[in-house]
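Input: a single structure, listed below in structure tokens.
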């Protein structure tokens, strides 16, 4: 996961995968989810981000992973 913030346009982008998106689904005005042709979610774009969230939190996060997920083996 990569997080990018562009202060010149006040846009936050959360990249969730490396696949190239081919479309977007608008969740609400200025909040879009980028998807692949197979429906995989690869990114989230938030416009006017500074009015929607505390930007200090974008570089501070924690993950609580389920042990069942971390034990999965990839083929």
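The values are calculated or read from the model by the stated rules, or taken from the named source; none is laboratory data. Bear in mind that the values here come from a model prediction, so they are computed numbers and not experimental data. Neighbour counts run over all protein chains shown; Cβ positions are idealised from the backbone, glycine included.
Structure values in brief
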item	result
Subset of segment 35-72 [modelled with pLDDT of 65 or more, over 25 Å from residue 10 (Cα atoms) and loosely packed, with under 10 Cβ neighbours inside 10 Å]	38, 39
Strands (runs of 3 or more DSSP E) wholly inside segment 14-55 containing at least 1 residues that are under 14 Å from residue 2 (Cβ atoms) and touching a strand residue (DSSP E or B) at 6+ places or on another chain (Cβ under 6 Å)	31-35, 41-47
Complete set of residues in segment 10-32 that are free of Cβ contacts under 8 Å to residues at least 12 places away in the same chain and either surrounded by 14 or more Cβ atoms within 10 Å (Cβ to Cβ) or over 14 Å from the mean Cα position of the chain (by Cα) (or both)	28, 29
